[in-house]
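Since the structure comes first, as structure tokens, the remarks are kept for the end.
Readers should treat all values here as calculations from the given coordinates under stated rules, not as data from a laboratory. Model, not experiment: these values are computed from the prediction. All Cβ positions, even for glycine, are placed from backbone atoms using ideal geometry, and neighbour counts span all protein chains on display.
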Amino acid sequence: MEKIQTGDNPVVCQKWEESERGWGTRPDGFSLHVSREALQNYIREVYAPRQNAEYGPDEYERIDGTPYIVDVSDEVHANLVSNGGSRRYFRHMYATPEGSVDGWMPMELNKLNKEG
């Protein structure tokens with residue numbers, strides 16, 4: 001399992017979980033975003049349309065916990081930028097970056113103002 005390279009570039013990390021009817025839920029990786037706005041755009045453009053069905057689907061992803069700040073390498077940051085500001089990483093391929101889990105997003109969020 002690959003780890004995200006750490007560095008000096010603060011980004012937002014959002015964990016995800018998979019829900020499957022009859023099986024329950026399980027962690028399903030995370031997404032990284034260059035700013036709060038990039039996370040909001042990702043949710044609006046990718047995640048939200050999946051939730052608009054009249055009845056819940058048999059299998060779907062949903063947000064797991066509160067987003068938090070992690071510092072990533074120049075290479076990872078450049079990949080996010082070239083990918084429109086966001087990228088999804090699945091649990092079977094990448095380890096979730098360490099950082100604050102559930103609760104308030106750290107004040108470090110202000111470090112992101114240089115990007116968004």
Legend entry - Environment charge at residue 5 (Cβ cut-off 14 Å; Lys +1, Arg +1, Asp -1, Glu -1): -4
Legend entry - Virtual spin-label span in nm between residue 73 and residue 3, 7 Å along Cα→Cβ: 1.2
Inset, instruction - Name the residues whose placed amide hydrogens come within less than 5 Å of the amide hydrogen of residue 95, ignoring near sequence neighbours (fewer than 5 apart) on the same chain. - result: 2, 3, 4
Legend entry - Shape parameters for segment 6-98, alpha-carbon atoms, Rg then Dmax in Å: 13.8, 43
Legend entry - Extension reserve of the residue 66-residue 94 stretch, reckoned as 0.36 nm per residue once the Cα distance is removed: 8.2 nm
Inset, instruction - Would you mind putting 66-79, 18-31 in packing order, based on average other-beta-carbon counts within 10 Å, highest first? - result: 66-79, 18-31
Legend entry - Relative contact order (%) - segment 6-98, alpha-carbon pairs under 8 angstrom, separation at least six: 46
